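The values are calculated or read from the model by the stated rules, or taken from the named source; none is laboratory data. These numbers come from a predicted model, not from an experiment. Positions of Cβ are generated from backbone atoms using ideal geometry, with glycine treated the same way; all protein chains shown enter the neighbour counts. Note: accessible area is taken over every heavy atom of the protein model, side chains too, but ligands, DNA and RNA are not part of it. Shrake-Rupley method; radii C 1.70, N 1.55, O 1.52, S 1.80 Å.
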Amino acid sequence: MKNRIKTLAARIGALSLALGLPLMTPGGAAAQTAPAAPDQPPTVAQPQAEPQYQDIDIDQLIKGARPEKKGTSAFFKPSPVRFGARIKQEPRKRDTDYLYTALSFFPLDPEPKVSHRMFVETPGGHILPVYVEDTQVEGIKRLGEGTATLFTGWHVYNYSKGPAILIVGYERAPLAMVQP
């Protein structure tokens, strides 16, 4: 099923680009894309350098990261983010097909393996579901619920609950960092 979704999403993305339709950015604006020059050879994807994670106010992001039209999602190039929150519920296995659909439009290299989600509580008291890369699951479980944590990850898309974030790293944070 996951491969069918990824294939369909890739076809939709390719068709959108071929027709000159815009892709969406985090603010809901259309991203400008230029078609590849026909005489240029295809480029080979290179592994991404270590991203520069942007410190964000997660509560402000939640307030402003909802799609303009209710019941839709806004896909865009994932952006590296870092924020403080408390672990509200440890990672649990969940369906992550939608994340892979979003990443099929703007893939990460290397492609993350994700089969878990968890809930975090922001300094402002928002409860936010987040995806968790499989390599991070056991370490986050060892920290335990209620632990103040500094998360690093990728803001992948926006939907009705706010930002969809993929957690790819963490460290214990000072309690003051996650207090309202």
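Which length gain, in nm to one decimal place, applies between LYS161 and ILE127 when the Cα-Cα distance is subtracted from 0.36 nm times their residue separation? Intermediate values should be presented prior to the final figure.
Values: separation 34, 0.36 × 34 = 12.24 nm, distance 0.95 nm.
Roughly 11.3 nm would be gained on extension.
Explain nothing, just compute: Karplus ³J(HN,Hα) = 6.51 cos²θ - 1.76 cosθ + 1.60, θ = phi - 60°, for every residue of the stretch 107-115 in order, whole Hz, x for Gly and Pro.
Taking θ as phi minus 60°, the curve returns x, 9, 10, x, 5, x, 9, 9, 9 Hz for the stretch 107-115.
At 0.36 nm per residue, and after removing the present C-alpha to C-alpha distance, how many nm does the segment from GLN60 to GLU90 gain when stretched out fully? Let's see the in-between values first.
Values: separation 30, 0.36 × 30 = 10.80 nm, distance 2.37 nm.
My answer for the length gained is 8.4 nm.
Return a whole-number percent for the relative contact order of the stretch 115-180, with Cα pairs under 8 Å and 6 or more residues apart as the contact set. Don't jump to the answer; show the numbers that get you there.
Working: 106 pairs, mean separation 22.3, N = 66.
Worked out over the stretch 115-180, it gives 34 percent.
Counting only protein heavy atoms, what percent of the accessible surface of the stretch 76-177 is carbon or sulfur at a 1.4 Å probe?
The computed percentage sits at 51.
Between the alpha-carbon centers of the stretch 109-163 and the stretch 62-102, tell me the distance in whole angstrom.
So the two Cα centres are separated by 9 Å.
What is the ratio of the Cα radius of gyration of the stretch 76-177 to 2.2 N^0.38 Å, with N the residue count, to two decimals? Spell out each step's value before the answer.
Details: Rg = 12.7 Å, N = 102, 2.2 N^0.38 = 12.8 Å.
In units of the 2.2 N^0.38 Å rule of thumb, it is 1.00.
Between GLN52 and GLU111, how many nm apart are label points set 7 Å from Cα along the C-beta direction?
3.0
Longer than 24 Å from Cα to Cα, which of LYS77/LYS113; LYS93/LYS141; LYS69/LYS161; LYS69/LYS93 are they? Say none if no pair is. Let's see the in-between values first.
Values: LYS77/LYS113 18 Å; LYS93/LYS141 13 Å; LYS69/LYS161 13 Å; LYS69/LYS93 29 Å.
Too far apart for the 24 Å limit: LYS69/LYS93.
Name the GluC sites (Glu not before Pro) in the stretch 101-180 that are in a loop by DSSP and that have at most 14 other C-beta atoms within 10 Å, would you? Don't skip to the answer; put the middle values down first.
Working: sites: GLU121, GLU133, GLU138, GLU145, GLU171; in loops: GLU145.
For GluC sites (Glu not before Pro) across the stretch 101-180 that sit outside H, G, I, E and B with at most 14 neighbouring Cβ atoms in 10 Å, the list reads GLU145.
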